[in-house]
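Novice: I have a structure here, written as structure tokens, and I will follow up with some questions on it.
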Amino acid sequence: MNPLNVRRAFVYDKIINWFPGHMAKGLRLITEKLNAVQVVIEFEPIAQKKDRLIVYNKSDLAHPDTEAAITKAFREHKGQDVVFTSADNDVNVKGIIKYLAKKAKVSGTASEKELTTMVMVVGMPNVGKSSLINSLRRIGVKKGKAAPTGAIPGITRTVAGTIKVLDSPKVYLIDTPGVMIPHIPDPVSAIKVALTGAISDHLSDEEVIADYLLFQLNQAQDYNYVKLYNIQEPTDDIKIFLPQVAKYIGALKKGGEYNLPAAAQFLVKQYRLGKLGRFTLDDIRPEALEEFLTKEAEDTVSRRQQKKADKIEDRRIKRQIQQRKWEEREKAKL
Ligand SMILES: Nc1nc2c(ncn2[C@@H]2O[C@H](COP(=O)(O)OP(=O)(O)OP(=O)(O)O)[C@@H](O)[C@H]2O)c(=O)[nH]1
Ligand SMILES: [Mg+2]
């Protein structure tokens, strides 16, 4: 393929926001219940003061270099271990159970004291939170599915009760609804998130997601799609690509025209199932990860400073109001 025909960057400027009611409520319930748990299993960092275990699930779909690169970056920049799992295949789940068992604390009434760990699982929609709980339960207590799962985001609707995944010590998991960042400022980041399946497909144009997928495949110089879908030759033009995919899967509209949205849906679904290969959409080069983690740490510090400044300002205003009231009362006495 002539490299001159490959786009250097993906251009897209539509902002996608997805924060339906159940997420806002979910976030509130997560915050409320946080007091009752010892460990938070995070698919992205949320809780600051709890023991945190960061999980990268669906590792079977990620580029094989991802685990080593991310593990190293987190260890060096945050001193934090991360776990790569494949919940549907029970991969690396035993280690999580061992970790959670070690965190057990004495709880219960004086007459019935027992060792327990209470754990909350939080993260973006569709990353496999409920699947991980089911996997922990399969391994830990040899019992079947307890948390509903599904291929579309928004399956878990509320913060449910506890699910036991180990008998001794007792380890309980709390499932939560996937919570999306209320606002993703960078449109291309939003498309990435959409391609992974964390944003409801109808919110982002499926043909744009398919176009981003084509862009990524060509960036990776992975032209397997030519053989897979009987494409004439590698292309970076979605207008040339989609009709050929539609032809291959026989997606036609009533008048015989190619059904391009159906072809786009098909492609994106194949990608999410790993049929196109293993990909990591984020830049996992050491320098890129360092930049990301440094920026994240700076953002956390500036958020904390802002909170502190807000508190001081609140106190100042309260004092002012009290002073004014006192002055008014003194005036009234005269
Ligand atoms: N390939 C692969 N698929 C997985 C893995 N874990 C979960 N899935 C699939 O991903 C989809 C989403 O899984 P869920 O467990 O429902 O995800 P969730 O994070 O609970 O989603 P919400 O409740 O919507 O927030 C399902 O179709 C699972 O079968 C994994 O490790 N690998
Ligand atoms: Mg769920």
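Novice: Have a look at 139, 133 and point out the one that is free of Cβ contacts under 8 Å to residues at least 60 places away in the same chain, within 16 Å of ligand 1 (Cβ to nearest atom), open to solvent by less than 40 Å² (accessible area, probe 1.4 Å) and among the hydrophobic types (A, V, I, L, M, F, W, C).
Specialist: On the way: 139 fails: open to solvent by less than 40 Å² (accessible area, probe 1.4 Å).
Sole residue among the options that is free of Cβ contacts under 8 Å to residues at least 60 places away in the same chain, within 16 Å of ligand 1 (Cβ to nearest atom), open to solvent by less than 40 Å² (accessible area, probe 1.4 Å) and among the hydrophobic types (A, V, I, L, M, F, W, C): 133.
Novice: Looking at the structure I just gave you, is residue 221 open to solvent by 60 Å² or more (accessible area, probe 1.4 Å), more than 22 Å from residue 88 (Cα to Cα) and not basic (Lys, Arg)?
Specialist: Working: open to solvent by 60 Å² or more (accessible area, probe 1.4 Å): yes; more than 22 Å from residue 88 (Cα to Cα): yes; not basic (Lys, Arg): yes.
Against the criterion (open to solvent by 60 Å² or more (accessible area, probe 1.4 Å), more than 22 Å from residue 88 (Cα to Cα) and not basic (Lys, Arg)), residue 221 qualifies.
Novice: Examine the stretch 295-307 for a residue that is outside any helix (DSSP H, G or I), touching a residue at least 24 places away in the same chain (Cβ under 8 Å) and not basic (Lys, Arg), and state whether such a residue exists.
Specialist: no
Novice: In the stretch 189-204, how many residues are open to solvent by 30 Å² or more (accessible area, probe 1.4 Å) and touching a residue at least 24 places away in the same chain (Cβ under 8 Å)?
Specialist: The qualifying residues number 4.
Novice: Could we say that residue 209 is in a helix (DSSP H, G or I), at pLDDT 90 or above and more than 16 Å from ligand 2 (Cβ to nearest atom) here?
Specialist: On the way: in a helix (DSSP H, G or I): yes; at pLDDT 90 or above: yes; more than 16 Å from ligand 2 (Cβ to nearest atom): yes.
Considered against the rule, which asks whether it is in a helix (DSSP H, G or I), at pLDDT 90 or above and more than 16 Å from ligand 2 (Cβ to nearest atom), residue 209 comes out as yes.
Novice: Now, a different point. As an exercise: evaluate residue 251 against (1) more than 30 Å from residue 133 (Cα to Cα); (2) within 17 Å of the chain's Cα centre (by Cα); (3) of a type in the set (A, V, I, L, M, F, W, C) and give the number of the one condition it does not meet.
Specialist: Only one criterion is unmet by residue 251, namely (2).
Novice: Related question: Given (1) farther than 30 Å from residue 112 by Cα; (2) within 13 Å of ligand 2 (Cβ to nearest atom), identify the lone condition not met by residue 181.
Specialist: If we test residue 181 against (1) farther than 30 Å from residue 112 by Cα; (2) within 13 Å of ligand 2 (Cβ to nearest atom), just (2) comes out false.
Novice: When you scan the stretch 183-200, do you find a residue that is over 24 Å from residue 62 (Cα atoms) and either of a type in the set (S, T, N, Q) or within 16 Å of ligand 1 (Cβ to nearest atom) (or both), even just one? Give the derivation first.
Specialist: From the stretch 183-200, those over 24 Å from residue 62 (Cα atoms) are 183, 185; that's our starting set.
Narrowing the set further to residues that are either of a type in the set (S, T, N, Q) or within 16 Å of ligand 1 (Cβ to nearest atom) (or both) leaves none.
No, the stretch 183-200 has no match at all.
Novice: A further question follows. Within the stretch 142-156, count every residue that is within 26 Å of residue 193 (Cβ to Cβ) and either more than 11 Å from ligand 2 (Cβ to nearest atom) or open to solvent by less than 30 Å² (accessible area, probe 1.4 Å) (or both). Give the steps one after another, and end with the answer.
Specialist: Start the filter on the stretch 142-156 by keeping residues that are within 26 Å of residue 193 (Cβ to Cβ), which leaves 147-156.
Among the residues that remain, those that are also either more than 11 Å from ligand 2 (Cβ to nearest atom) or open to solvent by less than 30 Å² (accessible area, probe 1.4 Å) (or both) are: 147, 151, 153-154, 156.
Selection size over the stretch 142-156: 5.
Novice: Further question on the same structure: Failed condition for residue 62, given (1) of a type in the set (A, V, I, L, M, F, W, C); (2) closer than 30 Å to residue 291 by Cβ; (3) part of a helix (DSSP H, G or I); (4) within 15 Å of ligand 1 (Cβ to nearest atom), with all others met?
Specialist: (3)
Novice: Would it be correct to say that residue 314 is acidic (Asp, Glu), open to solvent by 70 Å² or more (accessible area, probe 1.4 Å) and within 23 Å of residue 64 (Cβ to Cβ)?
Specialist: Criteria not met by residue 314.
Novice: For residues in the stretch 157-178 being touching a Phe, Trp or Tyr at 6+ places or on another chain (Cβ under 8 Å) and either more than 12 Å from ligand 2 (Cβ to nearest atom) or of a type in the set (D, E, K, R) (or both), which is nearest to residue 97 (Cα to Cα)? Walk me through how you get there before you give the answer.
Specialist: Here is the first cut: in the stretch 157-178, the residues touching a Phe, Trp or Tyr at 6+ places or on another chain (Cβ under 8 Å) are 162-165.
Add one more test, that the residue is either more than 12 Å from ligand 2 (Cβ to nearest atom) or of a type in the set (D, E, K, R) (or both), and what stays is 162, 164-165.
On the way: 162: 16, 164: 11, 165: 8 Å.
Ranking the candidates gives 165 first.
Novice: Moving to a separate point now. Tally up the residues in the stretch 110-127 that are open to solvent by 10 Å² or more (accessible area, probe 1.4 Å) and within 9 Å of ligand 2 (Cβ to nearest atom), please.
Specialist: Filtering the stretch 110-127 for residues open to solvent by 10 Å² or more (accessible area, probe 1.4 Å) gives 110-116, 118, 124, 126-127.
With within 9 Å of ligand 2 (Cβ to nearest atom) added as a condition, the list becomes 126-127.
So the answer is 2.
Novice: If you check residue 27 against the conditions, is it within 22 Å of residue 303 (Cα to Cα) and open to solvent by 60 Å² or more (accessible area, probe 1.4 Å)? So that I can check it myself, show each step before the final result.
Specialist: On the way: within 22 Å of residue 303 (Cα to Cα): yes; open to solvent by 60 Å² or more (accessible area, probe 1.4 Å): yes.
Against the criterion (within 22 Å of residue 303 (Cα to Cα) and open to solvent by 60 Å² or more (accessible area, probe 1.4 Å)), residue 27 qualifies.
Novice: Another question about this same structure. Check residue 74 against each of (1) within 30 Å of residue 184 (Cβ to Cβ); (2) buried (at least 21 other Cβ atoms within 10 Å of the Cβ); (3) away from ligand 2 (no atom under 16 Å from the Cβ) and name the one condition it does not meet.
Specialist: Of the numbered conditions (1) within 30 Å of residue 184 (Cβ to Cβ); (2) buried (at least 21 other Cβ atoms within 10 Å of the Cβ); (3) away from ligand 2 (no atom under 16 Å from the Cβ), the odd one out for residue 74 is (2).
Novice: Looking only at the stretch 39-49, filter to residues that are open to solvent by less than 40 Å² (accessible area, probe 1.4 Å) and modelled with pLDDT under 85; which one of those is farthest from residue 282 (Cα to Cα)?
Specialist: So, considering only residues that are open to solvent by less than 40 Å² (accessible area, probe 1.4 Å) and modelled with pLDDT under 85, the one farthest from residue 282 (Cα to Cα) is 47.
Novice: Can you say whether residue 255 is open to solvent by less than 60 Å² (accessible area, probe 1.4 Å) and among the small types (Gly, Ala, Ser), as far as the supplied structure shows?
Specialist: no
The values are calculated or read from the model by the stated rules, or taken from the named source; none is laboratory data. Note that this is a predicted model, so its numbers are computed, not measured. When we count neighbours, we look across all protein chains shown, and the Cβ atoms used for this are built from the backbone with ideal geometry, even at glycine. Heads up: the accessible areas ignore ligands, DNA and RNA and are worked out on the full protein's heavy atoms, side chains in. Shrake-Rupley method; radii C 1.70, N 1.55, O 1.52, S 1.80 Å.
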